[in-house]
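What follows is a short report on a single structure.
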Amino acid sequence: QVQLVESGGGLVQAGGSLRLSCAASGTIDSINAMVWHRQAPGKARELVAAITTDGSTNYADSVKGRFTISRDNAKNMVYLQMNSLKPEDTAVYYCNVLLSLAAYWGQGTQVTVSS
């Protein structure tokens, strides 16, 4: 089993910044990718950013140029630096880890951006 714990969410004004962290622990054989998703009220969950073991990244168009995903392979941690936040970024943000044979999700952390 793998446990994921997210932190760093909160309330911020538009234009502000937040940094989310996700720590993975447990029986971890090989992490293929670490991903951040988000789900706003009444909307489907969407991929925000992803990073593979070799550092390749992928971003949703809506966050390109504002968000940066990074990871610490030695610590099994992934981060999401969010700058120039907008009210439409308000959502619960989930960490998702893809192993060779399974995928795990965190419990989510609320990000609220006020206008």
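The values are calculated or read from the model by the stated rules, or taken from the named source; none is laboratory data. Just so we're clear, the structure is a prediction, and the values are computed from it rather than from any experiment. Neighbour counts are summed over all protein chains in view; Cβ atoms, including those assigned to glycine, are modelled from backbone coordinates with ideal geometry. Please note that ligands, DNA and RNA were not included when accessible areas were found on the heavy atoms of the full protein model with its side chains. Shrake-Rupley method; radii C 1.70, N 1.55, O 1.52, S 1.80 Å.
Ignoring any ligand, DNA or RNA, what whole percent of the accessible area of the chain comes from carbon and sulfur when the probe is 1.4 angstrom?
Working: 2900 of 5810 Å².
Carbon-and-sulfur percentage of accessible area, whole number: 50.
What's the center-to-center distance, using Cα atoms, between the range 48-64 and the range 1-39 in Å?
Centre-to-centre distance over Cα atoms comes out at 13 Å.
Listed highest first by mean packing, meaning other Cβ atoms within 10 Å per residue, what order do 59-66, 40-47, 20-27 come in? Write down the numbers at each step before the final one.
Working: 59-66: 13.6, 40-47: 10.5, 20-27: 17.0.
Ranking, from highest mean packing down: 20-27, 59-66, 40-47.
Would you list, by chain and number, the lysines whose Cα falls below 28 Å from the Cα of Lys43, excluding same-chain residues fewer than 8 positions away?
Lys64, Lys86
Can you give me the accessible area per residue for the chain, using a 1.4 Å probe, in Å²?
Working: 5810 Å² over 115 residues.
Value returned for the chain: 51 Å² of accessible area per residue.
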